[in-house]
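K.L.:
Below you will find the structure I want to go over with you.
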Amino acid sequence: MNEHPFLAQAREVVGQANVLTQDLAAYAVDWKEKYHGQPMAVVRPGSTAEVAAVVKLCAHHRLAIVPQGGNTGMCGAATPDDSGQQVVITLGRLNRIRSVDPSNNTMTVEAGCVLQTLQETAESVNRLYPLSVGSEGSCQIGGNIATNAGGVQVLRYGNTRDLVLGLEVVLPSGEVLDLLRGLRKDNTGYDLKHLFIGSEGTLGLITAATLKLMPLPSANAVGMVAVTSPAKAVELLQHMRDAMGERFSAFELMSNPIVELTRRYFPALPQPFAEQHDWYVLMEVADGGTDAALTADFQAALEQALERELVLDVVITQSQAQAKALWELRDNVSEAQQQDAPNIKHDISLPVSQVPRFIDEVSAELATTFPGSRLFCFGHLGDGNLHFNLSRPLGSDNTLWLKNNDAVNAVVHAAVARFNGSISAEHGIGQQKVDELPRYKSALELEVMRTIKRALDPLQLMNPGKVLR
Ligand code: FAD
Ligand code: MLT
Ligand code: ZN
């Protein structure tokens, strides 16, 4: 078969070695291995100019583009379809730190920088880039921005949207939109960067960003508590916030089943308490003082929580190694579920006050409707963000179980709507929820989104089939 002329032209732009047409498996499937596609090619540009030239070629040939970062997304948003006609543009070679400005508390970085590298870059100038997710060793800042990633420090520092001051974007036309400003105040009309943050590659390709840096805490303390119920966890959240103020940075809820599952697949991880409890919360506090002073305050707040019977038991880590081990327990929950069995996954947000009632009511409904199913509930309770994942009954067939996907979603997402929540807190829509979105957004909101999409991408070439149909 004759090769598509795009391929030779793309090779001229990025070089022979950076237009891949074979061994594309790693680019053709999502992290959860739920979506499988077949790209025509994977192109790896090494500069903004190369991205722009490749996008222009795609527009010329009317080839759809699927931007891909670290490919750790949870909604199939970076996976091409199986037509063999889509071009994956992967940003990993665009990984330069363009500048770091500690006095302005900013850094300007290219989209393919791995998140962990950026955390380390910030630390090297005594600053913090606070975005923190379990996938930080492989996800890229372009993907974080395109998904408006959340993670475990949103409570204190906000979502990715709150951490971005400027962007550089290659539009679907191939023009480069330079919004790379490091300003904290700029009221010069529409703030266009926000259109691209969370747009999941449907409006343009992010090539660089100016990010906010925060003071690097000199002290931190980590603890885990056992609680009887999510209601007690919400009371505890309020108590700890009152006691620790702005030093409070993470509050992660974990049910016993998800802790036990994670320890089954990662037996070297710690068992924090001698006996099992129904619910746990992992907490972190940090400030600019000393570990000793911070730990004393943290301990005092937790002792009060024990006295008020908000918690059943408390573990405060005594070393960085112990703290790291507890965080590894939390960070490996997704990997454990992945190894266990494909589950029907939810990423929902609710008003924090409503979370306990939601968990009680919806757990009961799922147990009745899907007898024997196993609920793995955990999440960023401080932000009202739950991962509410349902796995097959033990001994049953995976493929048959996944046929319940729509029915399970109908129960969970209908409840989310009743509680005035969101069906996507931090992972996005991708292809996973694209057909559900119209049920949970007003017709007018969707039409405004489509109008923006048509204005920027009239040929509908940027990541088609994701977010909007
Ligand atoms: P990809 O998966 O490659 O792409 C995601 C989307 O962004 C796609 O739509 C893609 O087209 C688009 N995109 C990628 N790069 C660009 C670019 N340069 N320009 C335009 N569009 C682009 N997410 C959270 O929010 N919070 C968590 O706590 C969290 N924990 C995780 C833990 C694990 C173990 C794993 C595997 C994932 C986790 N995630 C979490 C999900 C995922 O890591 C995030 O969504 C992350 O932001 C995706 O980044 P990526 O580089 O892997 O993007
Ligand atoms: C997490 O909080 O661990 C992530 O969002 C990933 C997941 O939901 O599995
Ligand atoms: Zn999460």
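K.L.:
Using a 7 Å offset from the Cα along the Cα-to-Cβ direction at both N187 and V448, what is the distance between the two label points in nm, to one decimal?
P.N.:
If labels sit at N187 and V448, their model points lie 2.0 nm apart.
K.L.:
Let me ask something additional. Would you tally the net charge around T147, using a Cβ to Cβ cut-off of less than 9 Å, leaving T147 out, and scoring K and R as +1, D and E as -1?
P.N.:
-2
K.L.:
Provide the per-residue ³J(HN,Hα) series for segment 324-331, in order, calculated from phi with Karplus coefficients 6.51, -1.76, 1.60 and θ = phi - 60°, each as a whole number of Hz, with x at glycine and proline positions.
P.N.:
4, 5, 5, 5, 5, 4, 5, 5
K.L.:
Within segment 165-197, name every residue whose backbone N is under 19 Å away from a label modeled 7 Å from Cα of Q9 along the Cβ vector.
P.N.:
170-176
K.L.:
Separate question: Roughly speaking, to the nearest percent, how much of the chain's 1.4 Å accessible area is carbon and sulfur?
P.N.:
For the chain, the apolar C and S fraction of the accessible surface comes to 50 percent.
K.L.:
Each label point is 7 Å from the Cα along the Cα-to-Cβ direction; what then is the distance between the points at Q238 and E309, in nm?
P.N.:
1.7 nm
K.L.:
Next question, about the same structure. How high is the relative contact order of the chain, in percent, counting Cα pairs under 8 Å that sit 6 or more residues apart?
P.N.:
Result for the chain is 16 percent.
K.L.:
A further question follows. If you stretched the chain out fully between I97 and Q338, how much longer would it get, using 0.36 nm times the residue separation minus the C-alpha to C-alpha distance?
P.N.:
83.5 nm
K.L.:
If you plug each phi of segment 391-403 into the Karplus form 6.51 cos²θ - 1.76 cosθ + 1.60 with θ = phi - 60°, what whole-Hz ³J(HN,Hα) values come out, in order, with x for Gly and Pro?
P.N.:
10, 4, x, 4, x, 8, 8, 4, 5, 5, 4, 5, 5
K.L.:
Say R0 is 45 Å: what FRET efficiency, to the nearest 0.05, do A410 and A268 get from their beta-carbon distance?
P.N.:
Efficiency computed from Cβ-Cβ geometry: 0.70.
K.L.:
Which of the peptides 382-388, 78-84 is most tightly packed, and how do the rest follow, going by the mean number of other Cβ atoms within 10 Å of each residue?
P.N.:
In decreasing order of mean packing, 382-388, 78-84 become 382-388, 78-84.
K.L.:
For a label point 7 angstrom out from the Cα of A325 toward its Cβ, which stretches of segment 225-241 have the backbone nitrogen within less than 16 Å?
P.N.:
In segment 225-241, the label zone of A325 (backbone N under 16 Å from the point 7 Å along Cα→Cβ) covers 225.
K.L.:
Please compute, for the alpha-carbon atoms of segment 269-401, the extent along each of the three principal axes and give them in descending order in Å.
P.N.:
The principal-axis extents, from largest down, are 54, 31, 28 Å.
K.L.:
Output the 0 to 90 degree angle, nearest 10, between the alpha-carbon long axis of helix 115-124 and the longest principal axis computed from the alpha carbons of the chain.
P.N.:
So the helix axis and the longest Cα principal axis differ by about 70 degrees.
K.L.:
Taking the Cα-to-Cβ direction at T368 and at E246 and moving 7 Å from each Cα, how far apart do the two end points lie in nm?
P.N.:
Label at T368, label at E246, 4.7 nm between them.
K.L.:
Compute the FRET efficiency between L20 and A49 as 1/(1 + (r/R0)^6), taking r as their Cβ-Cβ distance and R0 = 22 Å, and round to the nearest 0.05.
P.N.:
Between L20 and A49 the formula returns 0.65.
K.L.:
Of the peptides 198-208, 220-230, 405-415, how do they stack up when ordered by the mean number of other Cβ atoms within 10 Å, highest first?
P.N.:
Final packing ranking: 198-208, 220-230, 405-415.
K.L.:
Taking Rh as the Kirkwood radius, which is the inverse of the mean 1/r over Cα pairs, what is the Rg/Rh value for the chain?
P.N.:
Result for the chain is an Rg/Rh of 0.97.
K.L.:
Amide H neighbours of L269 under 5 Å, counting only residues 5+ apart in sequence or on other chains, H built in-plane at 1.01 Å?
P.N.:
Long-range HN contacts for L269: none found.
K.L.:
Sort segment 144-272 into rounded, prolate or oblate with this rule: let a ≥ b ≥ c be the square roots of the eigenvalues of the Cα gyration tensor; rounded if a/c is under 1.5, and if a/c is not under 1.5, prolate when a/b is larger than b/c, oblate otherwise.
P.N.:
Since a/c reaches 1.5 and a/b is larger than b/c, the shape of segment 144-272 is classed as prolate.
K.L.:
Taking the solvent-accessible surface of protein heavy atoms with a 1.4 Å probe, what is the per residue accessible area of the chain in Å²?
P.N.:
42 Å²
K.L.:
Given H placed 1.01 Å from N in the peptide plane, which residues other than close sequence neighbours of S173 have an amide H under 5 Å from its amide H?
P.N.:
Correct list: empty.
K.L.:
Tell me, what is the percent relative contact order of segment 364-437, built from C-alpha pairs under 8 Å that lie six or more residues apart?
P.N.:
Value for segment 364-437: 21 percent.
K.L.:
Taking square-rooted eigenvalues a ≥ b ≥ c of the alpha carbon gyration tensor, is segment 6-103 rounded, prolate or oblate, where a/c under 1.5 means rounded and, failing that, a/b exceeding b/c means prolate?
P.N.:
The shape class here is oblate.
K.L.:
Also: With axes computed from alpha carbons, what is the tilt in degrees of helix 405-418 against the longest principal axis of the chain, rounded to the nearest 10 within 0 to 90?
P.N.:
That helix lies at roughly 70 degrees to the long axis.
K.L.:
Something else: Using Cα-only point scatterers and the Debye equation, what is log10 of I(q)/I(0) for segment 376-453 at each q in 0.11, 0.14, 0.16, 0.18 Å⁻¹, rounded to two decimals?
P.N.:
Log10 of I(q)/I(0), two decimals: -0.37, -0.58, -0.74, -0.89.
K.L.:
For segment 232-238, just list the computed ³J(HN,Hα) in residue order, Karplus coefficients 6.51, -1.76 and 1.60, θ = phi - 60°, integers in Hz, with x standing in for Gly and Pro.
P.N.:
5, 4, 5, 4, 5, 4, 4
K.L.:
In whole Å, largest first, what are the principal axis extents of the Cα atoms in segment 99-181?
P.N.:
Its Cα atoms span 37, 28, 21 Å along the three principal axes.
K.L.:
Of all beta bridges DSSP finds with both residues in the chain, what is the antiparallel percent, to the nearest 5?
P.N.:
Taking every DSSP beta bridge within the chain, about 85 percent pair in antiparallel fashion.
K.L.:
Based on the alpha-carbon gyration tensor of segment 1-48 and its eigenvalue square roots a ≥ b ≥ c, which shape applies: rounded if a/c is under 1.5, prolate if not and a/b is larger than b/c, or oblate?
P.N.:
Oblate.
K.L.:
Taking only Cα atoms, what is the 0 to 90° angle, nearest 10, from helix 48-61's long axis to the longest principal axis of the chain?
P.N.:
Once rounded, one gets 60 degrees.
K.L.:
Would you mind checking K193/K453; K185/K466; K403/K466 for any pair whose Cα atoms are more than 26 angstrom apart?
P.N.:
Too far apart for the 26 Å limit: K185/K466.
K.L.:
Also: Between the alpha-carbon centers of segment 395-460 and segment 70-84, tell me the distance in whole angstrom.
P.N.:
First find each Cα centre; the distance between them is then 16 Å.
K.L.:
Need one number: the % of Cα-Cα pairs in segment 183-242 sitting beyond the 20 Å mark.
P.N.:
Within segment 183-242, distances greater than 20 Å cover 62 percent of Cα pairs.
K.L.:
Can you divide the C-alpha Rg of segment 334-426 by 2.2 N^0.38 Å and report the result to two decimal places?
P.N.:
Rg over 2.2 N^0.38 Å, computed on Cα atoms: 1.03.
The values are calculated or read from the model by the stated rules, or taken from the named source; none is laboratory data. In this text, all values refer to a predicted model and were calculated from it rather than measured experimentally. Cβ atoms come from the backbone with ideal geometry, glycine included; neighbour counts cover every protein chain shown. Areas reflect the complete protein model, heavy atoms only, side chains present, ligands, DNA and RNA absent. Shrake-Rupley method; radii C 1.70, N 1.55, O 1.52, S 1.80 Å.
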